[in-house]
Amino acid sequence: MKKQLVMAVAAASVALSAASVQAYEQGDIIFRAGVVTVAPNDDSDPIILPGIPEDTLQNGVSVDNGTAISLIGAYMLNDNWGLELLAATPFEHDIDVKDLGIAAGSTKHLPPTLSLQWYPRGGQEGWQPYFGLGVNYTTFFDEEVDPALGGVLGDLLGVTSAKLSLDDSFGWAAQAGVDIPLNDKWAFNLGVWYIDIGTTADIDVNLEGGGSATVSFDVDIDPWVYNVGVAYKF
């Protein structure tokens, strides 16, 4: 038991000594990668359909979580300030009609975010917390209408086909995170962002007997974004 305790203390000492050599300085390039989840804090305008009471779909839509692989690069302008670009593989989200309890469709998006970061312990060894403010551009693609919504629109309005499109978004972002050193190059990373993402959804429909119509409504997605991964300092 005593021998095991000595070995545990020795291992902890090695880990602490390794963790103490990590420091961020001017000119460092930091690459972070991991698993990132976009968790929408959504709010939607009502969906107004012709010939349907306006309060039928008053709660609009909700947007489900999406998870992807994060790819994040940062450059240290000096010991305390850096620039970071958040990128990722495409996120995919399911969209539901709240009042009907059915799927409305799905979309994919990419949300590149550029932030100016402050590292209060820059130039010092050990843990590296950071805070940032920046701008986000989100582009939506591969939007699809779910057959469940298509069936409802067909029954209520005589819709024969429907197409969903979402406008791209430009907004602000705030973040906080920390790199926990594993050695002089590698660290364990935790990060969180709040991103201002808003879009206008357009559902273009074709009607029985000819004719077409467009239903538009605004959706504020405003997600919390969580990243767990590793960081490497060049």
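Please treat every number below as a calculation from the coordinates, not as lab data. Please read all numbers here as calculations on a predicted model, not as lab measurements. As a convention, Cβ positions derive from the backbone with ideal geometry for all residues, glycine included, and neighbour counts pool all protein chains shown.
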In terms of modelled amide H atoms, which long-range or inter-chain residues lie less than 5 Å from the amide H of ASP99? ASN59, GLY60
What spacing in nm lies between the two simple spin-label points modelled at ILE29 and LEU77, each 7 Å away from Cα in the Cβ direction? 1.9 nm
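How high is the relative contact order of the chain, in percent, with contacts defined as C-alpha pairs under 8 Å that are six or more residues apart?
Values: 655 pairs, mean separation 53.5, N = 234.
That works out to 23 percent.
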What number, rounded to the nearest 500 deg cm²/dmol, is the helix-based mean residue ellipticity at 222 nm of the chain, given -39500 (n - 2.57) per DSSP H run of at least four residues and division by all its residues? -4000 deg cm²/dmol
For the stretch 105-155 and the stretch 169-208, distance of Cα centres in Å: 3 Å
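Using a Förster radius of 30 Å, what is the FRET efficiency between SER161 and ASP222 based on their Cβ-Cβ separation? Nearest 0.05, please. Mind showing how you got there, number by number?
Values: r = 31 Å, r/R0 = 1.04.
Once the sixth-power term is evaluated, E becomes 0.45.
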Is the shape of the stretch 152-223 best called rounded, prolate or oblate, per the rule: a/c under 1.5 gives rounded, else a/b larger than b/c gives prolate, else oblate, with a ≥ b ≥ c the square roots of the Cα gyration tensor eigenvalues? prolate
Positive-end extreme of charge dipole, the stretch 77-234 - chosen from ILE180, LEU114, ILE221 (charges on Cβ): ILE180
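Excluding ASP204 itself, what net charge comes from residues whose Cβ is under 14 Å from its Cβ, given Lys and Arg +1 and Asp and Glu -1? All intermediate terms of the calculation are to be shown ahead of the outcome.
On the way: positive: LYS163; negative: GLU143, GLU144, ASP167, ASP202.
Counting the neighbours of ASP204, the net charge comes to -3.
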In order over the stretch 131-145: 3J(HN,Hα) from phi, Karplus 6.51/-1.76/1.60, θ = phi - 60°, whole Hz, x for each Gly or Pro, gives 9, x, 10, x, 10, 10, 10, 10, 10, 9, 7, 6, 6, 9, 8
Positive end of the dipole of the stretch 2-233, charges at C-beta (+1 Lys, Arg; -1 Asp, Glu), about the Cα centre: which of GLY151, PHE170, GLY211 has its Cα farthest in that direction? PHE170
FRET efficiency, TRP127 to ASN65 (Cβ-Cβ, R0 35 Å, nearest 0.05): 0.75
When the dipole is taken about the Cα centre of the chain, and only Lys, Arg (+1) and Asp, Glu (-1) are charged at their Cβ, what size is it in debye, to the nearest 20? 1780 debye
